[in-house]
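The values are calculated or read from the model by the stated rules, or taken from the named source; none is laboratory data. In this text, all values refer to a predicted model and were calculated from it rather than measured experimentally. Neighbour counts run over all protein chains shown; Cβ positions are idealised from the backbone, glycine included.
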Amino acid sequence: MAKTPKITLAIFASDKGPGDAERSSIMSQAGAYFAKRGAKLVCLAQKDTMPLPVITSARTAGGEVELIADQNYVLPPALKNIALQRIEGTKERLAKISAMVDCFVGLPGSLQSVTNLYFSVASVELNKPVVLLNHNNAFEIVRGFSVDVFAHTNPKAYKNIQFADNIEDLWNKISRQL
């Protein structure tokens with residue numbers, strides 16, 4: 001029987017700002033769920049921001065995680081043994097993530113995490129799937145944008161941008177896209 005290739009996911013999320021505890025819980029669930037299914041996670045670490053709950057839960061569940069960080073990012077001591085690539089420019093970091101992954105995953109987070117997701121996806125011209133966890137309508141504006149703007153400029157938008165209601169639905173949509 002052929003071995004299924006490992007899925008590599010770019011995770012865009014933030015535990016900063018209003019609703020921290022709820023977002024942290026969602027990120028922890030997602031990290032563990034993806035790791036238990038054998039996915040490798042790639043996360044951005046810059047300007048004192050990274051999805052720490054995703055990373056710690058994935059690693060606790062035995063998953064593989066790699067960080068793409070800016071030159072000045074200081075890793076917490078608990079992450080000293082994590083795979084890390086330091087890349088100077090923001091555009092270069094986002095392009096590196098785009099080149100490494102099979103699918104982009106957006107978890108409810110900050111405006112900055114959504115902005116990073118957008119620029120990563122734009123760097124590959126929406127040629128890779130994007131699946132967003134629309135918990136509490138976190139991505140409704142993106143849904144509207146994808147229907148009103150993206151779909152007219154990119155015929156793959158309807159297929160490549162998916163919205164999920166929960167973590168299991170998120171994984172199912174990722175799996176179907178790949």
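The single condition from (1) out of contact with any strand residue (DSSP E or B) (no Cβ under 8 Å at 6 or more places or on another chain); (2) at pLDDT below 95; (3) among the polar types (S, T, N, Q) that SER57 fails is (2).
Close Cβ contacts (under 7 Å, 6 or more residues apart or on different chains) running from residues in the range 32-60 that are under 19 Å from ILE87 (Cα atoms) to residues that are of a type in the set (S, T, N, Q) and crowded, with 18+ Cβ neighbours inside 10 Å comprise LEU44/ASN116; THR49/SER14; PRO51/SER14.
Considering the conditions (1) crowded, with 17+ Cβ neighbours inside 10 Å; (2) touching a residue at least 24 places away in the same chain (Cβ under 8 Å), PHE119 is excluded by exactly one of them, (1). Being under 22 Å from ASN160 (Cα atoms) and either at pLDDT 95 or above or more than 14 Å from the chain's Cα centre (by Cα) (or both) is a description that does not apply to ASP48. A count restricted to the range 119-178 and to residues that are part of a helix (DSSP H, G or I) and at pLDDT 85 or above stands at 11.
Residues that are out of contact with any helix residue (DSSP H, G or I) (no Cβ under 7 Å at 6 or more places or on another chain) and in a loop (DSSP other than H, G, I, E, B) were ranked within the range 24-69; the one that is farthest from ALA13 (Cα to Cα) is GLY38. When the range 57-113 is filtered for residues that are surrounded by fewer than 13 Cβ atoms within 10 Å (Cβ to Cβ) and hydrophobic (A, V, I, L, M, F, W, C), the ones remaining, listed by number, are VAL74, ALA78, ALA83, ALA99, LEU111.
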